Amino acid sequence: MNTKLEIVRGADVSPSDAYEATGHSTNGPVTARLVSPEGFSLWLIAADLEDGATITFTGAHGDEAVYVASGGFAIDGRVTPRDGVAIVASRRDVGTPSTDQRVTGAT
């Protein structure tokens, strides 16, 4: 990437039923958008998870910040509420059940 500033508008990105992040897998209904420039080392995924859907962070992931726009995000027996953030340390295996939510994850 040769530019100093790159802007990606989420509404311009086609939704996918895959959570396209290294070291992650999903189970259950999910709609996600990779909202980052192609080839960029940092990425943002805006995702809608239906009730009961999960994201699993495997040992291959880096430090993660997950912003919950609506619903709740259950992780390790705790729930991140709407407008809250969960931080998942790198290389930590964690499964996260959804409670009908829209989550945004960034690294």
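The values are calculated or read from the model by the stated rules, or taken from the named source; none is laboratory data. These numbers were taken from a predicted model, which means no experiment stands behind them. For neighbour counting, all protein chains shown are included, and Cβ atoms are generated from backbone atoms with ideal geometry for every residue, glycine included.
A few remarks follow.
- Neighbours by Cβ (under 7 Å, 6+ apart or cross-chain): first from the stretch 67-84, over 15 Å from T56 (Cα atoms); second at pLDDT 85 or above and of a type in the set (S, T, N, Q): V68/T80; G72/T80; R82/S70
- Residue match in the stretch 18-35 (condition: in a strand (DSSP E or B), hydroxyl-bearing (S, T, Y) and modelled with pLDDT of 80 or more): yes
- Members of the stretch 44-65 found to be β-branched (V, I, T) and at pLDDT below 85, listed by number: T54, I55, T56, T58
- Unique residue being at pLDDT 85 or above and either in a loop (DSSP other than H, G, I, E, B) or not polar (S, T, N, Q) (or both) when the list is S14, S41, S70: S14
- Matching option when the condition is loosely packed, with under 13 Cβ neighbours inside 10 Å and either among the hydroxyl-bearing types (S, T, Y) or touching a Pro at 6+ places or on another chain (Cβ under 9 Å) (or both), among E6, E50: E6
Results for (1) buried (at least 18 other Cβ atoms within 10 Å of the Cβ); (2) small (G, A, S); (3) within 10 Å of the chain's Cα centre (by Cα); (4) at positive phi, shown as yes or no for each residue.
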| residue | (1), (2), (3), (4) |
| --- | --- |
| G10 | no, yes, no, no |
| P15 | no, no, no, no |
| G28 | no, yes, no, yes |
| R33 | yes, no, yes, no |
| L44 | yes, no, yes, no |
| G62 | no, yes, no, no |
| V66 | yes, no, yes, no |
| A69 | no, yes, no, no |
